[in-house]
Amino acid sequence: MVKAKVWTLKKHFQGFPKASDFELKEVELPKLKDGEVLLASVFLSLDPYMRPYSQKSLKEGDKMMGSQVARIVESKNPTYHIGAFAVANGGWTTHFISDGKDLQLLPTPWPETLPISLALGTIGMPGLTAYFGLFEICRIKPGDILLVNSAAGAVGTVVGQLAKIGGCKVVGCAGSDKKVAYLKQIGFDEAFNYKTVGSLEEALRKASPSGYDCYFDNVGGEFSDIALRQMKKYGRIAVCGAISLYNDKEPQKGPYVQVPMIYQELCMEGFIVSRWNNRREEGLKALLKWVVEGKIKYHEDITEGFENMPAAFMGMLKGDNFGKAILKM
Ligand SMILES: NC(=O)C1=CN([C@@H]2O[C@H](COP(=O)(O)OP(=O)(O)OC[C@H]3O[C@@H](n4cnc5c(N)ncnc54)[C@H](OP(=O)(O)O)[C@@H]3O)[C@@H](O)[C@H]2O)C=CC1
Ligand SMILES: CCCCCC(=O)/C=C/[C@H]1[C@H](O)CC(=O)[C@@H]1CCCCCCC(=O)O
């Protein structure tokens with residue numbers, strides 16, 4: 001019998017999550033049935049969606065949602081061999097049982113030089129979000145000027161570098177000087193710390209006096225209200241995330257987007273990356289190739305120890321992470 005350690009949602013979040021909202025439990029897993037596999041989490045992903053989606057889909061006492069790179073430790077399913085690694089949606093747990101349907105084996109061959117945790121970041125869901133958001137929603141073309149916020153994070157770093165590959169001028173915003181320096185190092189044309197610029201409006205105008213063709217929005221709220229007013233005619237806006245709003249106790253009013261959208265004839269579209277699940281392989285293959293060629297650089301922010309999962313989650317939500325936030329078991 002395997003005993004799994006599991007982080008549960010003890011109390012629904014009220015505003016920003018607190019340590020007391022989580023509870024660590026021990027659960028005895030049943031024996032494997034035919035077709036099932038037992039997995040041990042190796043790396044757990046920390047993602048912003050866990051904040052709004054847990055509110056929407058979890059009951060108090062449920063296991064916290066999330067994905068991991070996990071190793072198969074026992075198998076009664078001929079497709080999955082002991083020792084293989086897979087990306088799974090097992091939640092915040094040390095061990096779990098799967099019938100194999102939700103498992104994605106890592107793209108093969110996986111280069112020995114790359115950490116397998118990248119399958120949760122640049123060569124995983126966040127990388128695919130950047131890829132499809134940029135090519136399908138922003139529809140970038142060479143010469144476009146692109147703005148991305150939360151630019152030093154899992155999605156943002158890939159957005160900026162892909163846009164450079166696509167021949168764009170890229171402007172990125174992030175919440176610390178260290179992050180800004182990194183953005184410049186990986187090829188962003190302009191980058192600034194949105195927390196320390198006196199006026200966001202002026203900083204955006206200085207970075208691109210002629211305005212923006214594309215805006216990849218990870219933040220929403222007030223930032224978007226200001227950015228929207230600097231879009232060029234026929235600009236495209238990919239509404240990817242709204243992290244500035246996820247911890248609100250009450251929904252905020254505004255921003256009111258109609259006037260700039262009409263004047264500038266903008267196209268603004270929200271999306272969830274799973275829309276392109278049928279093109280997952282194409283996206284992963286392209287991202288893996290660019291990483292191997294050194295055209296996409298990555299940075300991971302790794303916290304060690306399963307017991308630190310809630311703290312790492314709260315840290316990511318407030319911007320402590322530099323690159324993709326990961327927990328190593
Ligand atoms: N639509 C989709 O299918 C998907 C959407 N997303 C969304 O993409 C966004 C980025 O996700 P991901 O790259 O994984 O996360 P990140 O790695 O970017 O981590 C979150 C970052 O958000 C920034 N942040 C937190 N609060 C604020 C705030 N009030 N204003 C501005 N920035 C803030 C912090 O960076 P800083 O220091 O710069 O403030 C923090 O590091 C999220 O909104 C997420 O929900 C992600 C995956 C799929
Ligand atoms: C207003 C909330 C916006 C959240 C945007 C975001 O970060 C979306 C992330 C999804 C990503 O595209 C693919 C995912 O796996 C994320 C959603 C995960 C949903 C899990 C839902 C589980 C459940 O409802 O039981």
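Name the residues in the range 106-121 that are at pLDDT 95 or above, in contact with a strand residue (DSSP E or B) (Cβ under 9 Å, 6 or more places away or on another chain) and away from ligand 2 (no atom under 15 Å from the Cβ), would you?
115, 116, 117, 118 - these are the residues of the range 106-121 that are at pLDDT 95 or above, in contact with a strand residue (DSSP E or B) (Cβ under 9 Å, 6 or more places away or on another chain) and away from ligand 2 (no atom under 15 Å from the Cβ).
All but one of (1) under 24 Å from residue 297 (Cβ atoms); (2) at pLDDT below 95 hold for residue 198; which doesn't?
Every listed condition holds for residue 198 apart from (1).
Is it fair to say residue 16 is modelled with pLDDT of 95 or more, closer than 30 Å to residue 122 by Cβ, away from ligand 2 (no atom under 15 Å from the Cβ) and exposed (fewer than 15 other Cβ atoms within 10 Å of the Cβ)?
On the way: modelled with pLDDT of 95 or more: yes; closer than 30 Å to residue 122 by Cβ: yes; away from ligand 2 (no atom under 15 Å from the Cβ): yes; exposed (fewer than 15 other Cβ atoms within 10 Å of the Cβ): yes.
In short, yes.
What number goes with the only condition from (1) within 16 Å of ligand 2 (Cβ to nearest atom); (2) under 23 Å from the mean Cα position of the chain (by Cα); (3) modelled with pLDDT of 95 or more that residue 61 does not pass?
(2)
When the range 215-246 is examined, which residues are found to be more than 24 Å from residue 127 (Cα to Cα) and touching a helix residue (DSSP H, G or I) at 6+ places or on another chain (Cβ under 8 Å)?
We begin by selecting, within the range 215-246, every residue more than 24 Å from residue 127 (Cα to Cα); these are 222, 225-226, 228-234.
Answer for the range 215-246, where residues must be more than 24 Å from residue 127 (Cα to Cα) and touching a helix residue (DSSP H, G or I) at 6+ places or on another chain (Cβ under 8 Å): 222, 226, 228, 229, 230, 231, 232, 233, 234.
Out of all the residues in the range 169-209, which are surrounded by 15 or more Cβ atoms within 10 Å (Cβ to Cβ), part of a loop (DSSP other than H, G, I, E, B), in contact with a Gly (Cβ under 6 Å, 6 or more places away or on another chain) and free of Cβ contacts under 8 Å to residues at least 40 places away in the same chain?
Residue satisfying the conditions is 188 alone.
Within the range 281-329, how many residues are within 13 Å of ligand 1 (Cβ to nearest atom) and in a helix (DSSP H, G or I)?
7
I'd like to know if the range 302-317 contains one or more residues that are charged (D, E, K, R), under 19 Å from residue 156 (Cβ atoms) and out of contact with any helix residue (DSSP H, G or I) (no Cβ under 6 Å at 6 or more places or on another chain).
From the range 302-317, those charged (D, E, K, R) are 304, 307; that's our starting set.
This time we only want the ones that are under 19 Å from residue 156 (Cβ atoms), so: none.
No, because not a single residue in the range 302-317 is charged (D, E, K, R), under 19 Å from residue 156 (Cβ atoms) and out of contact with any helix residue (DSSP H, G or I) (no Cβ under 6 Å at 6 or more places or on another chain).
Residue by residue through the range 279-324, note down the ones that are within 16 Å of ligand 2 (Cβ to nearest atom) and not assigned by the TED database to the domain that holds residue 71.
279, 280, 283, 284, 287
Which one of these is more than 30 Å from residue 328 (Cα to Cα), surrounded by fewer than 17 Cβ atoms within 10 Å (Cβ to Cβ) and touching a residue at least 60 places away in the same chain (Cβ under 8 Å): 249, 295, 253, 233? I'd like the intermediate steps shown before the answer.
Values: 295 fails: more than 30 Å from residue 328 (Cα to Cα); 253 fails: touching a residue at least 60 places away in the same chain (Cβ under 8 Å); 233 fails: touching a residue at least 60 places away in the same chain (Cβ under 8 Å).
One residue alone meets the criteria, 249.
Which numbered condition trips up residue 189, out of (1) more than 9 Å from ligand 1 (Cβ to nearest atom); (2) acidic (Asp, Glu); (3) in contact with a helix residue (DSSP H, G or I) (Cβ under 7 Å, 6 or more places away or on another chain)?
(3)
What are the residues in the range 48-97 that are touching a residue at least 40 places away in the same chain (Cβ under 8 Å), of a type in the set (Gly, Ala, Ser) and within 16 Å of ligand 1 (Cβ to nearest atom), if any?
54, 67
Mind checking whether some residue in the range 210-227 is in a loop (DSSP other than H, G, I, E, B), of a type outside the set (Val, Ile, Thr), out of contact with any Leu (no Cβ under 9 Å at 6 or more places or on another chain) and within 15 Å of ligand 2 (Cβ to nearest atom)?
Yes, the range 210-227 contains a residue that is in a loop (DSSP other than H, G, I, E, B), of a type outside the set (Val, Ile, Thr), out of contact with any Leu (no Cβ under 9 Å at 6 or more places or on another chain) and within 15 Å of ligand 2 (Cβ to nearest atom).
The values are calculated or read from the model by the stated rules, or taken from the named source; none is laboratory data. This is a predicted model, so every value here is computed, not measured. Here Cβ is always computed from backbone atoms with ideal geometry, including for glycine, and neighbour counts include all displayed protein chains.
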